[in-house]
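Remarks on the structure that follows.
The values are calculated or read from the model by the stated rules, or taken from the named source; none is laboratory data. Since the model is a prediction, treat every value here as computed from it, not as a measurement. With ideal geometry, Cβ positions are generated from the backbone for all residues, glycine too; neighbour counts draw on all protein chains shown.
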Amino acid sequence: MFNKLHLLGIFALSLAAFAQTELIRDFKNDLSKLPQEKLSTEVFDQTSPSMKLDSTGIKSGQFVGHAFYVFKEAAQALRGKTIEFRVKTKHVAGNAALGGTFRVSTSPGNELRVTRSFSLNIPVGDQFQEQSATFTVPNLDNIAHVNVQLGFRQQGEEHNLWFIDEPQFRYAENSDSVQLPTDILGLSALIDKEPLVLVEDGKAKFSIVIAAAADPIAKLAAEELQLHCQLALGADIPMRQESENQAIGGPAIHVGGTTLVQKFALQPANLPPESWIIARTGENIILTGGDTPGANRNQALSTRGVATGTLYAAYEFLERIFGVRWYWPGNYGTVVPPATDIKITRLLQTGTPSYSTRGFLYSIPRDKEISTEDFIRWYRRNRIGSANGSSMANHSFNAWPKKFGATHPEYFALQVDGRRKTDEVAGGHVCLSNPEVLKETIREKLEYFEKNPDAGFSSVMPGDSFGLYKCICEDCQKPLQPERGPGGIASNLVWDFVNKVALGVAEKMPDRYITCCAYGEYRQRPDFPLAPNVAVTLCYSAQPRSDQISKNKWRAMLDEWRQTGAALYIWEYWNNSRYSRGVYGAPAVFPRHLQEFMRLDQGQVRGRALELSNIDGDGVSFPYWTDWIYDVLNIYVVSHLMNNINCDVEKLLDEYYPNFYGPAAEPMRQFHDELELAWTKGNYSDGWNWETCWVKTYPPEFVDRMMGLLRQSVQLCAGQEPYLKRAQKTLEGYLPFERNSFLFREKKSQTNVPEITVPQGTVKPQLDGRPDEEAWQKAAVISNFCDSYNIYEQKAITEMRFLVAEETLFVAISAKIPPERTEINWADDLGERDSLLWNRESAELFFVGQDKECYQFIVAPNGKIADFKWPAENMAAALKWDAQGLQFAVLRENNTTWTAEIAIPLSNLTFAKPPQDCDFIVNFARNHRFQDAQDKAWKWEQSCWLPTYGPFHSYDKFGKMRLSK
Ligand SMILES: [Zn+2]
């Protein structure tokens, strides 16, 4: 497909014999439908009729013409293609020159976006002559029509007459290649033989010019240009604004739609969104691009929402001509080389971003030295953003419980316990087969788009934990396909709903997209094609994946979804190197790997959004980006790749170290190179856990050497700003890496003995929630719970007791909470049975057999219990299992203590393959979620009886339970 599109539609005339290329549209049959006065049945080439362009009865100055159109889907199919208009013409009388114009319009508003003119003039003669012009249709969304207008302008009284026959559109030979610009601007560049001097001996020889009616985007672009040129020159650069119809002479840099730019028909409103042009013509430089008309300054500054091609033209110019780089946010992140002599000979460069959505999630950190505004400006300068708002999907029914819970319970998902899920736990879950839900969703989306005319996308996506809460009514069950496994069981159900909403919206607003993630139980494609205004967000993790297996997997996912015909976008998880217990604080640096991987989806995926980490080196989650220094090089490189997938990454990196770190260039390069090598060459066959992280990928001696390079860099920069500041900040940013490495070097303290022998009781304890009966005195006791790595400090205290009596296992739980933790998630807002209790204050029991057969019980202090049987093909199946005769009681004594008693009849805990040398393989866990009194962040302690040094469900790390007979 096309890599980087040159957006100038270009013509080339050819009188050579026509090659037989694929036909797009033949207009010959349509000619006979024209009004009589435009038809000629006497003069034609092969078959009657032909069309005539006749000046009879036309006043001087009027245009005589006709346009040939391709509309809607057929027009949209031409995006990015080079097409050919063929026609036979016969010049019968007069001197008026016949010309043609390619035009592309988009909806809504039938907005004219691109025009390119060409000449079809031939002398008066007897013969029809074959003529042809080619044109590259720009890569625009929502093309309403592509057309060619033919005609001439009548001058005076002279009779002008042309015959037109066999007009048709064809794909050009090699229609996927984009024609190079050779139009009027390009020709103008050829005429410029003498260099244009912009800077001589460190002195500026130019001014900056904006139009009389310059809009906020042009003004912002001009300000950015002025600011950086002034930094490069250490002197003021004048900015001049044209007065009405008054051009300003050069040497000048024209930004946006000045009179000069209009002369070339390159004003921002005429260019495709986000495209940019930088060109020299004579004594002037033109910086222009496709902007959203009427956008205000705040929109232009934000990274989501409007097209700012003119601003991009300014940044491209500053990068290419003045060598400006925006490596980091904030003042000391920008590199502006001093300018001494800058001469321009020929200059004509154009481009448009390789991805229409280029964004990040959790993109702003808290940094005392760098403001939010600095971060946003940094993203803008690296051309992060999109023309139509965010294309990334998210759960879309979360407001429904409040809105319809009381009035329309039938809208909501039917649950296993027979109630409708009208609460807000885990977002909104609706009945996707209820026609009223569909109608209401379409209405809601249309209303949203009417209120937000700039928004190109809106989500339709079920709530999170769909597997657990999805509707189990008969009509929602029918389309389920359990044979497709957990990734496709609900694909037909969910995507059919999304598709119907998209079709409903398209009836009124065909240019707006309905977007949904390929996620959870609907992450595989449905069995049917999707409407062209469905946008699919593919979720993918940034695990290192330069190996062939990972590449094949990604390709397979793309190929699968491409068949649906939907527009594809990627949501990439860039956080997973440091997102789970055991790997907190682990960096991932992979600038070279990026291009290799992005090339796999080149031309197939329209946008990317990268989710950054909001969990810090201590495992605390925040609503913002943490440890940003880890990702900053990746982001600099990926920003350039999202703009131009073919950019030279090695060149970016070669410039980066000397430019940014000066005297510390070498150790800093070594630091990043070695980190990248370690991360991309790591062996992740066992998954990404503390061992692959801190033993195999970043072993202690490696971390010591890396931190040594950072400390050496600080020393090398001593007394040299801004390099010292940058080196210090980098070192500081990587301290969590060192700290976490040390956590896993220390010798682990003794954990519990992994065996429990449960005594037979003679008396059953009374189930009142208070385990104080004498019966409990002889029970087996476990305590001393630790985190799953036995590393992080745990302040929640848990004790459990076990007793067997009358073929029933009795369990007593005593849970204490540190007194300073006053805000606890008590799970009070959860539903009846089998809720997501593990997210809140709770305790969990696991009884496992061979083959991973497992019974799980979770009890919460507000009197809720959940029980599951694993493995199950999906959550709903696991939920359906209920232990027979289960009894329990819970008591919340005060804010710092809760207790529970549970009785599980042993007849429930049976296995197809029981454990060989014990009754159950067991482990026990405590969940404690609290709001930190100081920083107000919600924190989570998950402690367990036996640490598993990885995911908790590692049954081989569990202990043994034997019941006394
Ligand atoms: Zn339903």
Next item on the list: List the strands (runs of 3 or more DSSP E) that sit entirely inside segment 248-346 and contain at least 3 residues that are crowded, with 22+ Cβ neighbours inside 10 Å and under 34 Å from the mean Cα position of the chain (by Cα).
Entry: 276-281, 284-289
Next item on the list: Scan segment 854-911 for residues that are more than 30 Å from residue 488 (Cβ to Cβ), touching a strand residue (DSSP E or B) at 6+ places or on another chain (Cβ under 7 Å) and among the charged types (D, E, K, R) and jot them down.
Entry: 892, 893, 901
Margin query: Any residue at all in segment 720-743 that's of a type in the set (A, V, I, L, M, F, W, C), crowded, with 19+ Cβ neighbours inside 10 Å and outside any helix (DSSP H, G or I)?
Written below: no
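Conditions (1) of a type outside the set (Asp, Glu); (2) loosely packed, with under 12 Cβ neighbours inside 10 Å; (3) under 25 Å from residue 119 (Cβ atoms); (4) at pLDDT 90 or above, marked per residue:
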site: 3; (1), (2), (3), (4): yes, no, no, no
site: 6; (1), (2), (3), (4): yes, no, yes, no
site: 11; (1), (2), (3), (4): yes, no, yes, no
site: 15; (1), (2), (3), (4): yes, yes, yes, no
site: 19; (1), (2), (3), (4): yes, yes, yes, no
site: 24; (1), (2), (3), (4): yes, no, yes, yes
site: 27; (1), (2), (3), (4): yes, no, yes, yes
site: 31; (1), (2), (3), (4): yes, no, yes, yes
site: 36; (1), (2), (3), (4): yes, yes, no, no
Note to self: Pairs please, first residue from segment 403-420 and closer than 18 Å to residue 441 by Cβ and outside the structural domain of residue 877 (by TED's automatic domain parsing), second anywhere and of a type in the set (Asp, Glu) and within 11 Å of the ligand (Cβ to nearest atom), Cβ atoms under 8 Å, 6+ apart in sequence or on different chains.
What the structure shows: 420/410
Margin query: Just checking, does segment 947-963 include any residue being in contact with a Cys (Cβ under 9 Å, 6 or more places away or on another chain) and surrounded by 21 or more Cβ atoms within 10 Å (Cβ to Cβ)?
Written below: yes
Notebook entry, point to check: Where residues in segment 431-457 are of a type in the set (Ser, Thr, Tyr) and within 16 Å of the ligand (Cβ to nearest atom), which of them is nearest to residue 295 (Cα to Cα)?
Noted result: 441
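Please state which one of 318, 260 is under 26 Å from residue 386 (Cβ atoms), assigned by TED's automatic domain parsing to the domain that holds residue 215 and not acidic (Asp, Glu).
318
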Notebook entry, point to check: Taking segment 486-513 as the region of interest, how many residues are out of contact with any helix residue (DSSP H, G or I) (no Cβ under 6 Å at 6 or more places or on another chain), within 13 Å of the ligand (Cβ to nearest atom) and either outside the structural domain of residue 442 (by TED's automatic domain parsing) or in a loop (DSSP other than H, G, I, E, B) (or both)?
Noted result: 0
Note to self: Suppose we filter 846, 888, 868 for residues that are out of contact with any Ser or Thr (no Cβ under 6 Å at 6 or more places or on another chain), hydrophobic (A, V, I, L, M, F, W, C), modelled with pLDDT of 95 or more and not in a loop (DSSP other than H, G, I, E, B); which single one remains?
What the structure shows: 846
Check: Between residues in segment 470-487 that are of a type in the set (Val, Ile, Thr) and residues that are within 11 Å of the ligand (Cβ to nearest atom), which pairs lie under 6 Å by C-beta distance while being six or more apart or on different chains?
Finding: 472/414
Checklist line | Only one of 521, 483 that is of a type in the set (D, E, K, R), part of a helix (DSSP H, G or I) and within 15 Å of the ligand (Cβ to nearest atom) | finding: 521
Note to self: Name the residue that is nearest to residue 928 (Cα to Cα), counting only residues in segment 745-787 that are part of a loop (DSSP other than H, G, I, E, B) and touching a Cys at 6+ places or on another chain (Cβ under 8 Å).
What the structure shows: 785
Next item on the list: Check whether at least one residue in segment 369-380 is away from the ligand (no atom under 16 Å from the Cβ) and assigned to a loop (DSSP other than H, G, I, E, B), and report yes or no.
Entry: yes
Note to self: For segment 927-937, which positions are surrounded by 15 or more Cβ atoms within 10 Å (Cβ to Cβ) and within 18 Å of residue 580 (Cβ to Cβ)?
What the structure shows: 927, 928, 929
Next item on the list: Count, please, the residues in segment 470-480 that happen to be more than 10 Å from the ligand (Cβ to nearest atom) and surrounded by fewer than 16 Cβ atoms within 10 Å (Cβ to Cβ).
Entry: 0
Check: Hey, does segment 458-469 have a residue that's modelled with pLDDT under 95 and away from the ligand (no atom under 16 Å from the Cβ)?
Finding: yes
Notebook entry, point to check: From the list 505, 494, which residue is among the β-branched types (Val, Ile, Thr) and in contact with a Lys or Arg (Cβ under 7 Å, 6 or more places away or on another chain)?
Noted result: 505
